[in-house]
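Here is the structure we will look at.
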Amino acid sequence: MNRVVIAGTGRFLPEKVLTNFDLEKMVHTSNQWIVERSGIHERRIAEPNVCASDLAAPAAMLAVQSAGLKPEDVELIIVGTSTPDMHFPSTACFVQAKIGATKAAAFDLLAACSGFVYGLSLAENFIKSGQFNNALVIGAEIYSSIINWEDRSTCVLFGDGAGAVVLTKGTEGRGRGVIATHMGADGTHSSYLNAPGGGSAHRFTPDLISEKKYCLTMKGSHTFKVAVKSMVEASETILAKGGVTAKDLKLVIPHQANLRIISAVAKQLGMDESLFYVNLDKCGNTASASIPIALDEAFRAGRVAKGDLVLLVAFGGGYTWGSALVEL
Ligand code: ACO
């Protein structure tokens, strides 16, 4: 069986920092509430003239460079995003043009916060099948563009950013690469976490804009409970599929939605919380970008190295969930 490895990683975050203290001036909230309920202290917010591909392109370039490739070597670009530049063309096509990946096929994938893990699974299978030799998988989001900045229950949680990896066929001297992936969804829960307006179901009208129907809505406590259950199950499934146990893992990179979700998942899996990578304190929830941003951070900070076994586990709107077991 062909091996598919992570050959390079990259991330790019907007410069502007929005702190909990800034939010105290915008809505009726407090730094204490946000930290206690979510673990988030600050998040990065893109300027209004910046779109998802503007964040994705520099993250992609870093991933391509760290893989030792040139943009024209890239054969496939998948962008996981729920805040694309436009309905169409895909954000992946904008990235392709911006980085000069002239030979790459390109498309977007919508699985909300699970978009990156879904993309990783697709890319791995495309490469294993022999259709492509490599793929750039990106998570890129501008959630600030779909946040209702008057809704304190959601506006304190999200941030903007992009992360990317390059997957290639395995070569000598690298780990086993992507060992297993898993994806799931339950569309009966779609109303608990969505951004309903602006698609064909709820078309743009002046009312839709004045009522902010294009914005994200979330039933937080329902989402919380299903997120914990789904992430625990997705972790157990992937460990069993990969034939390993939690003791074999060097690091778990969970979707960065809420520190209490991460603590509950660790506890239910019987794992030490220190094994779980956390950067939501600085980035907030960057949806499909959260796992590749964290992976790049962990890799560049030396928290993981070649040969380490890493579990990625995501949960998001849909609901969707996914997990991947990777030996770096
Ligand atoms: N500041 C102060 N008070 C607030 C705020 C705020 N920012 N937001 C809500 N409150 C109030 C509520 O109004 C409520 O008050 P009430 O009891 O008087 O009605 C109270 O705080 C408690 O609200 P809850 O929603 O029950 O708070 P909870 O402890 O559940 O925390 C949170 C809310 C942080 C949203 C949590 O439920 C959560 O993290 N949910 C899951 C998020 C998630 O996993 N999302 C999935 C990925 S995102 C994606 O796919 C796009």
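The values are calculated or read from the model by the stated rules, or taken from the named source; none is laboratory data. This structure is a prediction, so every number in the text was calculated from the model and none was measured. Backbone-built Cβ (ideal geometry, glycine too); neighbour counts: all protein chains shown. The protein model used for the area step is the full one, side chains on, heavy atoms only, and it has no ligands, DNA or RNA in it. Shrake-Rupley method; radii C 1.70, N 1.55, O 1.52, S 1.80 Å.
Tell me yes or no: at least one residue of segment 25-38 is over 30 Å from GLY199 (Cβ atoms) and acidic (Asp, Glu). Yes: segment 25-38 contains one or more residues that are over 30 Å from GLY199 (Cβ atoms) and acidic (Asp, Glu).
Could you grab me the full set of residues in segment 217-253 that are away from the ligand (no atom under 16 Å from the Cβ) and open to solvent by 60 Å² or more (accessible area, probe 1.4 Å)? The answer is GLU236, ALA240, LYS241, GLY243, THR245, LYS247, ASP248, LYS250.
Here the condition is being assigned to a helix (DSSP H, G or I) and either modelled with pLDDT under 95 or among the hydroxyl-bearing types (Ser, Thr, Tyr) (or both); of THR171, THR188, it holds for THR188 alone.
Applying the criterion of being open to solvent by 90 Å² or more (accessible area, probe 1.4 Å) and assigned to a loop (DSSP other than H, G, I, E, B) to the residues of segment 25-40, the residue that is nearest to the ligand (Cβ to nearest atom) is HIS28. Taken over segment 284-297, the criterion of being out of contact with any strand residue (DSSP E or B) (no Cβ under 6 Å at 6 or more places or on another chain) and surrounded by 21 or more Cβ atoms within 10 Å (Cβ to Cβ) is satisfied by SER290 alone.
A Cβ distance below 7 Å, combined with a sequence gap of six or more or placement on separate chains, defines the contacts here; from segment 201-228, residues that are in a helix (DSSP H, G or I) reach residues that are within 16 Å of the ligand (Cβ to nearest atom) and among the small types (Gly, Ala, Ser) in the pairs LEU208/GLY197; GLY220/SER153; ALA227/ALA257; VAL228/ALA264. Restricting attention to segment 149-174, the residues that are over 15 Å from THR286 (Cα atoms) and open to solvent by less than 10 Å² (accessible area, probe 1.4 Å) total 3. Only one entry of ALA123, ALA112, ALA164, ALA180 meets the criterion of being within 30 Å of ALA240 (Cα to Cα), within 16 Å of the ligand (Cβ to nearest atom) and among the small types (Gly, Ala, Ser), and that entry is ALA112.
From the set of residues in segment 298-328 that are assigned to a strand (DSSP E or B), open to solvent by 10 Å² or more (accessible area, probe 1.4 Å) and more than 16 Å from the ligand (Cβ to nearest atom), which is nearest to VAL166 (Cα to Cα)? So, considering only residues that are assigned to a strand (DSSP E or B), open to solvent by 10 Å² or more (accessible area, probe 1.4 Å) and more than 16 Å from the ligand (Cβ to nearest atom), the one nearest to VAL166 (Cα to Cα) is GLU327.
Criterion first (under 20 Å from VAL117 (Cβ atoms), open to solvent by 20 Å² or more (accessible area, probe 1.4 Å) and within 16 Å of the ligand (Cβ to nearest atom)) does GLN256 satisfy it? It is false that GLN256 is under 20 Å from VAL117 (Cβ atoms), open to solvent by 20 Å² or more (accessible area, probe 1.4 Å) and within 16 Å of the ligand (Cβ to nearest atom). If only residues of segment 169-210 that are more than 21 Å from the chain's Cα centre (by Cα) and of a type in the set (D, E, K, R) are counted, the one that is nearest to VAL4 (Cα to Cα) is LYS169. Could you tell me whether any residue of segment 272-285 is more than 12 Å from the ligand (Cβ to nearest atom), of a type in the set (S, T, N, Q) and either under 30 Å from GLY198 (Cβ atoms) or under 20 Å from the mean Cα position of the chain (by Cα) (or both)? There is at least one residue in segment 272-285 that is more than 12 Å from the ligand (Cβ to nearest atom), of a type in the set (S, T, N, Q) and either under 30 Å from GLY198 (Cβ atoms) or under 20 Å from the mean Cα position of the chain (by Cα) (or both).
Could you tell me whether segment 186-197 includes any residue that is of a type in the set (Gly, Ala, Ser), buried (at least 16 other Cβ atoms within 10 Å of the Cβ), outside the structural domain of GLN65 (by TED's automatic domain parsing) and in contact (Cβ under 8 Å) with a residue 40 or more places away in the chain?
Scanning segment 186-197, I find at least one residue that is of a type in the set (Gly, Ala, Ser), buried (at least 16 other Cβ atoms within 10 Å of the Cβ), outside the structural domain of GLN65 (by TED's automatic domain parsing) and in contact (Cβ under 8 Å) with a residue 40 or more places away in the chain, so the answer is yes.
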